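Where a number appears in this text, it was derived from the coordinates with a stated rule and is not lab data. Quick caveat, the model's predicted, so the values are computed rather than measured. Every residue, glycine as well, gets a Cβ built from its backbone with ideal geometry; the counts of neighbours run over all protein chains shown.
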Amino acid sequence: MSGEKFGSESSTSLEQTEKEVGALYHRLIEAWNKRKAANYAALYTGDGVAIGFDGSQMTGRAEIASTLEQIFKDHPTAPYTVKVKRVQLINPEVAILMAIAGMVPQGQVELNPALNTLQTLVAVKSAGEWQISLFQNTPAQLHGRPELVRQMTEELSQLQ
């Protein structure tokens, strides 16, 4: 992970922020992978926004939780394999995390390149705790660049 210093923040503090925001992201992914809608939603600010793979938007913990409960009930969601690519500190209370993710659909053993995504998380720190203000899951179709799709899939496959 790489980040940038903000103001007089020390590199130790920056490293700590990267770890904390990375841990927040990994808790989000763990909640998805375990199909725990309430745990997933609890990581957001009260007015946090989640934008799904299909472009659907959920606002606030209650809507995020209820929507995911329905999704988990009706669909065999696949778990994510993820890799954090960057954490950038905007100021001491705002950070952006960028990651790549892939999924192994139910009944399969390999990542499906069609399900690769770029994930962006905006975290805000309030009362000493990082929470998600925005999480966006963008399909990584990379039209006309199949070598980039292969490269991303290979990079994620090494993490399985």
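Show me 63-70, 39-46, 147-154 ranked by packing, highest mean number of other Cβ atoms within 10 Å first.
Ranked by mean Cβ neighbours within 10 Å, highest first: 39-46, 63-70, 147-154.
What is the pair-distance distribution P(r) of the range 69-160, computed from all Cα-Cα distances in 5 Å bins starting at 0, with each bin given as a whole percent?
Percent of Cα pairs in each bin: 3, 13, 19, 19, 17, 14, 10, 4, 1, 0.
Per residue of the chain, what 222 nm ellipticity follows from adding -39500 (n - 2.57) for every DSSP H run with n ≥ 4, rounded to the nearest 500?
So the calculated ellipticity at 222 nm is -11000 deg cm²/dmol.
Using +1 at the Cβ of each Lys and Arg and -1 at the Cβ of each Asp and Glu in the range 11-157, identify which of Ala123, Val109, Gly46 lies farthest towards the dipole's positive end.
In the range 11-157, that residue is Val109.
Sequence neighbours fewer than 8 away in the same chain don't count; with that in mind, list the aspartates and glutamates whose C-alpha is under 20 Å from Lys125.
Reachable aspartates and glutamates: Glu4, Glu9, Glu15, Glu18, Glu20, Asp47, Glu93.
Find how much the distance from Ile51 to Asn39 grows on full extension, using 0.36 nm per residue of separation minus their present alpha carbon separation; answer in nm with one decimal.
2.6 nm
Work the Kirkwood hydrodynamic radius out for the chain: mean of 1/r over every pair of different alpha-carbon atoms, inverted, in Å.
Taking every pair of different Cα atoms in the chain, averaging 1/r and inverting gives 16.3 Å.
Which of the lysines could a cross-linker bridge to Lys36, judged by Cα under 19 Å and excluding same-chain residues fewer than eight apart?
Straight-line reach from Lys36, under 19 Å: Lys73.
Evaluate the charge dipole of the chain about its Cα centre and quote only its size in Debye, nearest 20, assuming +1 on the Cβ of each Lys and Arg and -1 on the Cβ of each Asp and Glu.
It comes to approximately 180 debye.
How do 95-102, 121-128 rank on mean C-beta neighbours within 10 Å, highest first?
Ranking the peptides 95-102, 121-128 by packing returns 95-102, 121-128.
Apply the Karplus curve 6.51 cos²θ - 1.76 cosθ + 1.60, θ = phi - 60°, to the phi angles in the range 21-36 and return the couplings in whole Hz, x for Gly and Pro.
Karplus-based 3J(HN,Hα) across the range 21-36 equals 5, x, 5, 4, 4, 5, 5, 4, 5, 4, 5, 5, 4, 8, 6, 10 Hz.
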